[in-house]
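Enquirer: Attaching a single structure in structure tokens format; questions to follow.
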Amino acid sequence: MTEQKSVANALETISTKGIAKYTPEVAFKEGLNIRKSLRLQPVQTKQMLCAFVMDLCQFVDAKRTLTTDEDIIYTVEAIIEGYPILTIEEFRLICDRMKRGMYGKFYERLKLAEIEEAIRDYEGNQRAKVLEEMHTYKSIERGLKEGQKVKYEPQSMADLKRKRFKEIFGKDDSA
């Protein structure tokens, strides 16, 4: 399957309501990067993002929200420019979570600033956990023979600092 067809299939799948239920891990690892999608199918990608934003604004029904096409297009362009590694699936996940009130309630206002705040919150909490899990080392066993294996378990920086502190001062600082 060509790259163009895979982007088209991803855009079709993500646009179907109720079918795609993503977790942050799946949305990041298997998601379609917005920049890549824009490079291959710019019109469809922008239409998809505009549809997500319009759907969000209609669902939240705030008094002051994005109403004109220019506002929605500006919002989408700001998201594309400000968050280059965001995937389309992650953006849909953020919009769905905003609808459920996971990033606060939007009684009076839903504009670009609130959407960007939700994206930053997602990146700082959800995506950070996914990246941390992806880059956590697993224990390694090495050795020549079965009885001579050495088990190596990498430690976090905090664990290493605690160990160093204990070596220098002879007591544990965690108490």
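The values are calculated or read from the model by the stated rules, or taken from the named source; none is laboratory data. Quick caveat: nothing in here was measured; it's all calculated off a predicted structure. All Cβ positions, even for glycine, are placed from backbone atoms using ideal geometry, and neighbour counts span all protein chains on display.
Enquirer: Please work out which one of (1) surrounded by fewer than 22 Cβ atoms within 10 Å (Cβ to Cβ); (2) in a helix (DSSP H, G or I) is the condition E90 fails and give its number.
Expert: All conditions are met except number (1).
Enquirer: Can you name every residue in the range 40-67 that is free of Cβ contacts under 8 Å to residues at least 40 places away in the same chain, outside any helix (DSSP H, G or I) and of a type in the set (V, I, T)? Working first, answer last.
Expert: The initial filter retains those residues of the range 40-67 that are free of Cβ contacts under 8 Å to residues at least 40 places away in the same chain, namely 40-44, 46-47, 50-51, 54, 58, 61, 67.
Imposing the further condition that a residue be outside any helix (DSSP H, G or I) reduces the set to 41, 61, 67.
Answer for the range 40-67, where residues must be free of Cβ contacts under 8 Å to residues at least 40 places away in the same chain, outside any helix (DSSP H, G or I) and of a type in the set (V, I, T): just T67.
Enquirer: Okay, next question. Got a sec? Which of L93, L86, L110 is in contact with a Cys (Cβ under 7 Å, 6 or more places away or on another chain) and in the same structural domain as D69 (by TED's automatic domain parsing)?
Expert: On the way: L93 fails: in contact with a Cys (Cβ under 7 Å, 6 or more places away or on another chain); L86 fails: in contact with a Cys (Cβ under 7 Å, 6 or more places away or on another chain).
None of the others qualify; the one that does is L110.
Enquirer: Only helices (runs of 4 or more DSSP H) wholly contained in the range 109-173 count here; list those with 3 or more residues that are over 30 Å from A62 (Cβ atoms), in contact with a helix residue (DSSP H, G or I) (Cβ under 6 Å, 6 or more places away or on another chain) and modelled with pLDDT of 65 or more.
Expert: In the range 109-173, no matching helices (runs of 4 or more DSSP H) lie anywhere.
Enquirer: Tell me, please, whether a residue that is of a type outside the set (F, W, Y), modelled with pLDDT under 85 and either buried (at least 16 other Cβ atoms within 10 Å of the Cβ) or within 19 Å of E116 (Cα to Cα) (or both) can be found in the range 42-56.
Expert: No - not one qualifying residue is present in the range 42-56.
Enquirer: Could you please find all residues in the range 107-130 being loosely packed, with under 15 Cβ neighbours inside 10 Å and of a type in the set (S, T, Y)?
Expert: Correct list: Y107 only.
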